[in-house]
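What follows is a set of notes on a single structure, which appears directly below.
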Amino acid sequence: MRRLFILILLIFMSISINAADAMAVFQPFQPDAKEIIFNQTMHKVSVIDPTSENNPRSARFPGLRGTNQLVVYTPEFGRRTNTNEFGTEALVVNGIVTQLSGANTLIPANGVVISGHGEAKHWINENLIVGAKVYIDPVNKTITSYITSDTFLFSAKLKLVEVQNIMNFYIKTTPRYDARKTVTAINKSKENIYKAQKDSANVQKYSGKAIEYANEALSLVVPYKQDELRGVWIRPTCKSKDDIIQVLDLLNKSGINTVFLETYYHGKTIYPSDLMLSYGFIEQNEEFIGFDPLDIWIKEAHKRKMKVHIWFETFYVGNKNPKNYPNYILSIRPGWTNLPGNSANSIEPVYSTSEHNGYFIDPANPEVQEFLLKLLDEIICKYSPDGINLDYIRYPQSISPEIPGYEKSTWGYTSYTREGFKAQYGIDPVELTRTDVLWDAWLFYRAQKITDFVKKASDLCRTKNVTLTTVIFPNYKTALTTKIQDWRTWSRNDYVDGFTPLFLTCDPKTTASMINEIRNMSARKTKLYAGLFVTFMKGAPEDLIRIVHESRRFGLGGVIIFDYAHFGCEYMNILTASAFNDGSRQRVAYEAPKVHVCTKCKKDKKCKKCRKEEKRLKKEMEKRAKKMKTKN
């Protein structure tokens, strides 16, 4: 009985401590006597814990976060923020930013998540760094960020703990793991932390160096892995052989061994297609007329022992209005259009507002499936790629099932689908609501049309000895209910060789959670290649290393970076430090910006404005300290 009482007491204390930590961010920030404030900025908070009632204009957006909004999520909101990749987020625990993320972040039980889109995203990127102090005024709905002398030390110490944990993992799991360079960087970071703590006048100088060495340790801690796919998704823009060679050489130097080349997108092929011409469609994407980039990409990649997978936008045909483009697919074949429940009787193509105002073709239409399979066959027979990567292998995104109007926001209400379902179940699905007994049957009926196509594509690829992978969304329930994508069935029936799930986050914990979910819902035989959005979301280079580590920790088949257009030298630099470097490559050059609040300052010298401001702040802190002594 006494043990039970102690256990209950400990649980209560834990909950109380977590609640206190979460509430700390809502208390005005008071710096310590020796703490110097280098920068202080404020922004308006749009809403705390959004709902359809307190944030009605954003009820249809993921996470109920609207355009240009800054939203605060507390544990009261739920487990995750449920936001999309078009924003950025910061985790705050005990009033301090502990981590920067991208989307759909896990909300800490003892803290909050600050999330921003558009203008608010820009403010977060500019002002919330790891170690920043944060105060949220719930009455006036404002958030204030403080960059102080403690900020950089906090960040450096946190990174060193992280590096040590990652290093311990590889020491235990990787034979002949060489940690010497990592240990050297760790020790240099610790030396500068010690100097910063002892020399308050130069705290920013030494804490900045501590962070630089901590970042270096993080770049070195993840070792090279021999047998893994290291890929990048590319939308081609090169108009000459020399330009393609230049890109492939750079990727090869960066450790990339597989290119996922966007070959069929927006309803056009990058190569001259006899099939497209026979249907009366545009023979070739206008950007590449008189030039066959696919042929050069594949031949030149193979010369460098790199593989090429065809990135194929299956049921998506772009966002151009067919009325204005007479040779587009839906201009020639308007009966192929996909339709949502709220436009089930439309005689004209309907675009999806949640998919960049794009148009989709109907997976249930046998003519659509026949055309796409012929197109895949043409690509395989003519160019011999190493793999096919089916993207947009789903219906357009609907709103969440919990939001009123969900049923009519789902897609697949075409004549083919409705007539087929009615013949089997005796009711037009337009009449169904989510509470009807047949709703799930209607959901899976549409999903089966996608599955039927995946099976046919699988048969084609295996006949030709070509790898088939599909782009999926990690949360199976959400993928099924809002995109009608039943990837679990594809895996369990062995229709695909692998998944390339989209991890729309910069957070390693969220990535780990997503990997676990996919593994629990799919067959062991299905390989996983993590689709990383860190570069697209403009995350820190260190975030990329963290998520590469998570993929290695779970034994995935490799990683694919989205995408080449956002794959800058800062990311290539950190990957070629160790993780993507077999020892034969030079590290891709990149000079990281110095850690300093003021961009005008160079090296160890501070500009006049900074020196003046620092003197003012020191005097202010001295006065504050004297006042505190007097009061005591």
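The values are calculated or read from the model by the stated rules, or taken from the named source; none is laboratory data. Just so it is clear, the structure is predicted and the values come from calculations on it, not from any experiment. Methodologically, a virtual Cβ is constructed for each residue, glycine included, from the backbone with ideal geometry; neighbour enumeration extends over all protein chains shown. To get the accessible areas, we keep the full protein, side chains included, count just its heavy atoms, and leave off ligands, DNA and RNA. Shrake-Rupley method; radii C 1.70, N 1.55, O 1.52, S 1.80 Å.
See the values below:
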| quantity | calculated |
| --- | --- |
| All positions within region 277-317 that are over 28 Å from Asp497 (Cα atoms) and assigned to a helix (DSSP H, G or I) | Leu277, Ser278, Glu286, Glu287, Phe288 |
| Criterion violated by Lys627 - all others in (1) surrounded by 14 or more Cβ atoms within 10 Å (Cβ to Cβ); (2) modelled with pLDDT under 90; (3) of a type in the set (D, E, K, R) satisfied | (1) |
| Total residues in region 529-563, condition part of a helix (DSSP H, G or I), touching a Ser or Thr at 6+ places or on another chain (Cβ under 9 Å) and either open to solvent by less than 10 Å² (accessible area, probe 1.4 Å) or aromatic (Phe, Trp, Tyr) (or both) | 4 |
| Residues (modelled with pLDDT of 50 or more and open to solvent by 80 Å² or more (accessible area, probe 1.4 Å)) located in region 1-27 | Met1, Arg2, Arg3, Met23, Gln27 |
| Any hit, region 475-486, residues being out of contact with any His (no Cβ under 9 Å at 6 or more places or on another chain), open to solvent by 10 Å² or more (accessible area, probe 1.4 Å) and under 30 Å from Pro541 (Cβ atoms) | yes |
| Contacts under 8 angstrom Cβ, first residue in region 283-312 being farther than 24 Å from Tyr392 by Cα, partner charged (D, E, K, R), 6 or more apart | Phe291/Lys239; Ile296/Lys241; Glu300/Lys241; Ala301/Lys307; Arg304/Asp249 |
| Candidate set: region 173-183, residues that are out of contact with any Ser or Thr (no Cβ under 9 Å at 6 or more places or on another chain) and open to solvent by 70 Å² or more (accessible area, probe 1.4 Å); chosen: the one nearest to Leu153 (Cα to Cα) | Arg180 |
| Complete set of residues in region 382-438 that are polar (S, T, N, Q), over 31 Å from the mean Cα position of the chain (by Cα) and under 30 Å from Ile270 (Cβ atoms) | Thr414 |
| Of all residues making up region 132-183, the number that are at positive phi and in contact with a His (Cβ under 6 Å, 6 or more places away or on another chain) | 0 |
| Contacts under 9 angstrom Cβ, first residue in region 415-431 being in contact (Cβ under 8 Å) with a residue 12 or more places away in the chain, partner open to solvent by 90 Å² or more (accessible area, probe 1.4 Å), 6 or more apart | Pro429/Lys422; Val430/Asn345 |
| Residue within region 418-441 that is crowded, with 20+ Cβ neighbours inside 10 Å, within 30 Å of Thr263 (Cβ to Cβ) and at pLDDT 95 or above present | no |
| Candidates Thr469, Thr451 - the one that is surrounded by 17 or more Cβ atoms within 10 Å (Cβ to Cβ) and farther than 30 Å from Tyr571 by Cα | Thr451 |
| Candidate set: region 566-604, residues that are out of contact with any strand residue (DSSP E or B) (no Cβ under 8 Å at 6 or more places or on another chain), aliphatic (A, V, I, L, M) and surrounded by fewer than 18 Cβ atoms within 10 Å (Cβ to Cβ); chosen: the one modelled with the lowest pLDDT | Ala592 |
| Some residue of region 519-528 being open to solvent by 10 Å² or more (accessible area, probe 1.4 Å), farther than 30 Å from Ser219 by Cβ, touching a residue at least 40 places away in the same chain (Cβ under 8 Å) and not in a loop (DSSP other than H, G, I, E, B) | yes |
| Condition broken by Asp459, with the remaining ones in (1) free of Cβ contacts under 8 Å to residues at least 24 places away in the same chain; (2) assigned to a helix (DSSP H, G or I); (3) over 30 Å from Phe260 (Cα atoms) satisfied | (3) |
